Amino acid sequence: MSYASWFEEHAKKHTKIMKKLENRSDDEVIEYFTYENMVKNEPDFCPLYAKNKKCHDMDELNCYLCACSNFRFDDAGFKKIDGKSLKSYCSIGSKDGRQLKGKDAVHQDCSKCTVPHKKSFIKKGFKRDWLLIMKEVRKDL
């Protein structure tokens, strides 16, 4: 699956949930997206939910920003690095991120970074429209 197709599908899932929560306060919406609640009430939001597995090993995982607003991707590639196409990177150069070099491409590995799953980070840039938060993520948006 390409980054773009995942991004579009995830945006649809997010929008569907937000329609159900339109009468709740911002804090209530953010609280709704806690991992424990999402596993129980939104089992199709993430494929890891079916395995009762978290994407990041942290106590208070919040799934509102399943994708990080600091992530950048372009399925066509941004540039070449040692003959490989750079498909994604972290715009803030997080010390917890790293680049994975495959045969033909370089991808950002965010698996050790927990920043977008913390309520404090979510509250700082909170918008009810996930696509507005993520507007810098896709090169073609």
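The values are calculated or read from the model by the stated rules, or taken from the named source; none is laboratory data. Since this is a predicted model, take the numbers as computed values, not measurements. Cβ sites come from the backbone with ideal geometry, for glycine too, and all protein chains shown count toward neighbours.
Go through (1) closer than 22 Å to residue 3 by Cβ; (2) of a type outside the set (A, V, I, L, M, F, W, C); (3) without any contact (Cβ under 8 Å) to a residue 60 or more places away in the chain one by one and return the number of the condition residue 51 breaks.
Exception for residue 51: condition (1).
On the basis of being more than 20 Å from residue 110 (Cβ to Cβ) and part of a helix (DSSP H, G or I), does residue 13 make the cut?
No; evaluated as a whole, the condition is false for this residue.
To keep it simple, each residue is scored yes or no on (1) more than 29 Å from residue 31 (Cα to Cα); (2) not aromatic (Phe, Trp, Tyr).
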site	(1), (2)
71	no, no
81	yes, yes
100	yes, yes
119	no, yes
136	no, yes
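Every residue, every condition in (1) within 18 Å of residue 117 (Cα to Cα); (2) part of a loop (DSSP other than H, G, I, E, B), yes or no:
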{"site": "17", "(1), (2)": "yes, no"}
{"site": "22", "(1), (2)": "no, yes"}
{"site": "29", "(1), (2)": "yes, no"}
{"site": "36", "(1), (2)": "yes, no"}
{"site": "45", "(1), (2)": "yes, yes"}
{"site": "50", "(1), (2)": "no, no"}
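In the range 16-43, which residues are farther than 23 Å from residue 121 by Cα and in contact with a helix residue (DSSP H, G or I) (Cβ under 7 Å, 6 or more places away or on another chain)?
Within the range 16-43, 43 is the sole residue that qualifies.
Modelled with pLDDT under 95 and of a type in the set (Val, Ile, Thr): is that true of residue 81 in this structure?
Yes; evaluated as a whole, the condition is true for this residue.
Restricting the search to the range 56-75, which residues are in contact (Cβ under 8 Å) with a residue 12 or more places away in the chain and surrounded by fewer than 17 Cβ atoms within 10 Å (Cβ to Cβ)?
56, 58, 60, 75
Out of curiosity, is residue 123 in contact (Cβ under 8 Å) with a residue 40 or more places away in the chain and out of contact with any Ser or Thr (no Cβ under 8 Å at 6 or more places or on another chain)?
Judged against the criteria, residue 123 is a match.
Provide a single number: the residues in the range 121-131 that are of a type outside the set (Lys, Arg), loosely packed, with under 14 Cβ neighbours inside 10 Å and either modelled with pLDDT of 95 or more or on the phi > 0 side of the Ramachandran plot (or both).
1
Filter the range 96-128 down to residues that are among the basic types (Lys, Arg) and more than 29 Å from residue 32 (Cα to Cα) and give me whichever is nearest to the chain's Cα centre (by Cα).
Filtering first and then ranking leaves 98.
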